[in-house]
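Notes to accompany the following structure.
Every number here is computed from the coordinates shown, using simple stated rules; none is lab data. All of these numbers come straight from a predicted model, not from anything done at the bench. Cβ placement follows ideal geometry from the backbone for every residue including glycine, while neighbour counts extend to all protein chains displayed.
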Ligand SMILES: [Zn+2]
Ligand SMILES: [Zn+2]
């Protein structure tokens with residue numbers, strides 16, 4: 001199925017159901033995903049093209065749900081990578097051709113009131129809404145879907161580290177928290 005032939009309203013409805021509400025981020029994310037896929041020549045991201053697509057998203061907010069809804073890409077399938085930069089931006093990569101395009105939101109204009117944001121986004125052109133840049137994303141074997149390339153125990157904590165995410169420090173394989181000496185998780189302390 002060619003998703004570019006599906007009416008915009010239907011993509012929007014599906015994204016709204018997936019996300020739980022309709023908001024500016026959903027409208028933006030759907031627009032971003034459709035244009036991104038078009039730029040890299042992907043027509044059927046959930047069917048025929050499903051193994052040829054990886055998406056990098058740069059925020060863990062509404063737009064990411066919209067991109068998941070349109071593309072079918074998910075972290076658990078390794079087809080979606082989250083770079084938590086806090087930016088409403090995403091890069092769509094066609095693994096077959098190597099083509100990649102990054103779309104970044106130009107943000108709402110001052111004249112747009114919050115209440116009319118969805119309508120303003122719908123009315124604007126892609127070029128009004130996004131910076132669109134072609135380029136490439138170097139991917140290693142450890143970044144691709146499929147079986148884990150490697151799994152090694154961390155020499156310090158003993159936990160297994162998959163997909164070449166371990167770091168070699170003084171000849172030892174360490175997980176990232178052990179190598180860096182810090183983690184988001186603080187054991188034994190109540191917040
Ligand atoms: Zn939202
Ligand atoms: Zn460790």
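Only beta bridges with both residues in the chain are counted; by DSSP, about 90 percent of them are antiparallel.
Helix-only arithmetic for the chain: the sum of -39500 (n - 2.57) across DSSP H runs with n ≥ 4, divided by the residue total, places the mean residue ellipticity at 222 nm at -8000 deg cm²/dmol.
Given a 10 angstrom Cα cut-off, can you work out which residue in 35, 74, 147 is the most mobile in a GNM of the chain? Of the options given, 147 has the highest mean-square fluctuation. Cα convex hull, the chain: 163 Å³ per residue, rounded to a whole number. Under a Gaussian network description of the chain, with springs only between Cα atoms under 10 Å, the residue in 141, 89, 66 that fluctuates furthest is 141. A simple spin-label model places pseudo-atoms 7 Å from Cα toward Cβ; at residue 85 and residue 6 they are separated by 2.7 nm. Angle of helix 62-71 to the longest C-alpha principal axis of the chain, folded into 0 to 90 degrees and rounded to 10: 90°.
Relative to the longest principal Cα axis of the chain, at what angle does helix 24-39 sit, 0 to 90 degrees, rounded to 10? The angle comes out at about 80 degrees.
Extending 7 Å from Cα along the Cβ direction at residue 125 and again at residue 50 yields two label points whose distance is 3.6 nm. Here the Gaussian network model covers the chain, with springs between Cα atoms less than 10 Å apart; of 33, 123, 90, 123 fluctuates the most.
Give me the angle, in degrees from 0 to 90, between the Cα long axis of helix 8-19 and the longest principal axis of the Cα atoms of the chain, rounded to the nearest 10. Compared with the principal axis, the helix lies near 40 degrees.
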